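A.B. asks: Structure below; questions to follow.
The values are calculated or read from the model by the stated rules, or taken from the named source; none is laboratory data. Keep in mind that this is a model prediction, so the values were computed, not measured. Here the Cβ positions follow ideal geometry from the backbone for every residue, glycine too, while neighbour counts run over all protein chains shown.
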Amino acid sequence: MTKRSHIKFLGGFALLLAGPLHAEESAWWNPSWAQRQPLTLDTADVTEAPGTSTVLVRLFDGNFQFAGAREDGSDLRFVAADGKTVLSHQIESYDNILNEAFVWVKLPDVNPAAKETFHVYFGNADAAMPADVKPADAFDPDTLLVYHFAGRGEAPADTTANGNNAGTAGTTAEGSLIGNGLRLIGAPVTIPNSPTLEWKAGQSLTLATWIKPAALQDDAVILSRADGNASFRLLLGQGMPVMQLGTARSQPGAPVATGTWSHLVVVADGKTLKLFLNGAPYATLDGALPGLTTPLFLGASENGFTGELDELSISKTARSTGWVRLASVNQGSTDAAQRFLSLGQVEGGEVEAHSGMMEHVMLFGDIAKNMMFDGWIAIGVCVVMIIVGWTVAVKKFIYLNSIEKGTKVFLSQWKSLSTDLTALNPDDKSSVSSLGGQVDPGDQELIEKSPLYHIYQIGSEEIRHRLDKDNNRVQGLSGRSIQAIRASLDAGLVHESHRLSDGLVYLTISIAGGPYVGLLGTVVGVMITFAIIAKSGEVNVNSIAPGIASALLATVVGLVVAIPALFIYSYLNGRIKNSLALMQVFIDEFVAKMAEFYRPAAETDPTGGSAH
């Protein structure tokens, strides 16, 4: 199971546990925000007061409705339990396509061994971060530097107000512990000195970071600062963290495992340096920090730490044991982290009404925003096919309905007429048109739409033509004349078949061409996405996924064109076949009746009987 899957599973399990524990209802902070979710902070694992702390809130599709918030998360607001106090927060990353976000929220005076509830509000389409609210306020004034390592291929940026950005870029580690991280593979990352980072002799300091060693090394340098003999180094010797002041070193303890994340915190109080590993005391070293104004280094060019780092912070105060424990538990990926901070059920109207299906449908808008020009061309062609195909389908539905109604009326009149075709007067067109005067004027327009009526008219016209040519109506029709009339009726059947099938070719084009046009858009989109990745040198899920998703949208649209067109074509083709079969039966019946009522004179006895 991957780290992300592990987190989502644990988060969903914690959400189920937290669901029945409804927090005490508080007044709605602002009616402009349609939804909110309670966040329960459980500090049962923290025995000492952490004080003001910045906690990490992990959002993913197992605990948060991304479809209800703005695409960049700018409408997120965190409000204290009193329903009035807005808590400062900082968004490290927010991805509403992958449904993953990391947000840092500052909580004042966190109590140990207690449960506290605050709320995250969202669902305001017009909301944006106020100008007076700064992300840097998510960390207290004692915090000198915070690196999330969220950038890609850039020098790590300080997210506090101090602007202590790194001077050199490092290698980005995609999918690290919390979003992206820093991968150290030999070249160090330099942090220039600044007035806020200047160390005074004997000052208090707290340094915290997460490490994941790739291999066991001897005295691998994680962080260092030195000026001659005055120096401080944080080392990892064969997996054992060690603090070094000048030549003095702390005693190593149990080693950390390679390929796993470990939380290291160094706390200096002016007399002693304390090292915490995963929230628990690990080692101590008597002494105070030296006064230093040189740059800090993450890693080293020689014997530098090889592995990943995430979430580096430096504070100018000695943080409490409770603060260290809280940070270690909250930022980790264990089940304890999910129990520590869990989200409850959504409160409010709109998001509760959103089904999972609707949430997925709304994602298509986000995917479309990353669509490239070539993809839009493919989608445009598919849209044209949809418009043409559905236009033909609607017209064909109306046409078939009208001819079926006309055919029904025609057949009801034909039953009485077929008993004696000689009742028609071929010389009187009105007699032929009205089926011997049986059709009501109100049904005449309807019956004229029937293809059977058209064939009947062809047959009547052929009979009239043959009788006029013989100039003797008593003679009747010869066998050759009947065969010629049948040929004319079959030709009429062919014309009616063409009329019924007219336009269906556009549906067959949609069925056959829609998927191929969509596939072409997808292939070109994927090709361009990989070309961009190769050019930029960034190989990570966040850079690949949006391009691939938008490229696949073209294939989806192509299938949306083809699948309905296939069903519509099959239905219409079935009705057309039924109409053609009915016409064939009518032709056979018409020819049989014609042969019966217009027999040649040689076959007719002058007295009215048959000749022998």
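A.B. asks: Mind listing whichever residues of segment 34-69 are over 25 Å from residue 177 (Cα atoms) and part of a loop (DSSP other than H, G, I, E, B)?
C.D. replies: 34, 47, 48, 49 - these are the residues of segment 34-69 that are over 25 Å from residue 177 (Cα atoms) and part of a loop (DSSP other than H, G, I, E, B).
A.B. asks: Which residues, counting only those in segment 73-85, are in contact with a strand residue (DSSP E or B) (Cβ under 6 Å, 6 or more places away or on another chain) and either more than 21 Å from residue 347 (Cα to Cα) or surrounded by fewer than 17 Cβ atoms within 10 Å (Cβ to Cβ) (or both)?
C.D. replies: 81
A.B. asks: Oh, and also: Of all residues in segment 285-304, how many are assigned to a strand (DSSP E or B) and surrounded by 14 or more Cβ atoms within 10 Å (Cβ to Cβ)?
C.D. replies: 6
A.B. asks: Looking at (1) of a type in the set (Val, Ile, Thr); (2) over 25 Å from residue 295 (Cβ atoms); (3) more than 28 Å from the chain's Cα centre (by Cα), can you tell me which one residue 196 breaks?
C.D. replies: (2)
Residues checked against (1) buried (at least 22 other Cβ atoms within 10 Å of the Cβ); (2) modelled with pLDDT of 95 or more; (3) in a helix (DSSP H, G or I); (4) out of contact with any His (no Cβ under 9 Å at 6 or more places or on another chain):
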site: 257; (1), (2), (3), (4): no, no, no, yes
site: 338; (1), (2), (3), (4): yes, no, yes, yes
site: 342; (1), (2), (3), (4): yes, no, no, yes
site: 352; (1), (2), (3), (4): no, no, yes, yes
site: 359; (1), (2), (3), (4): no, no, yes, yes
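Per-residue answers, yes or no, for (1) surrounded by fewer than 16 Cβ atoms within 10 Å (Cβ to Cβ); (2) not in a strand (DSSP E or B):
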| residue | (1), (2) |
| --- | --- |
| 152 | no, yes |
| 177 | no, yes |
| 201 | yes, yes |
| 206 | no, no |
| 218 | yes, yes |
| 223 | no, no |
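A.B. asks: Here's something else I'd like to know. For the list (1) more than 22 Å from residue 267 (Cα to Cα); (2) modelled with pLDDT of 95 or more; (3) among the aliphatic types (A, V, I, L, M), I need the number of the one condition that residue 184 fails.
C.D. replies: Only one criterion is unmet by residue 184, namely (2).
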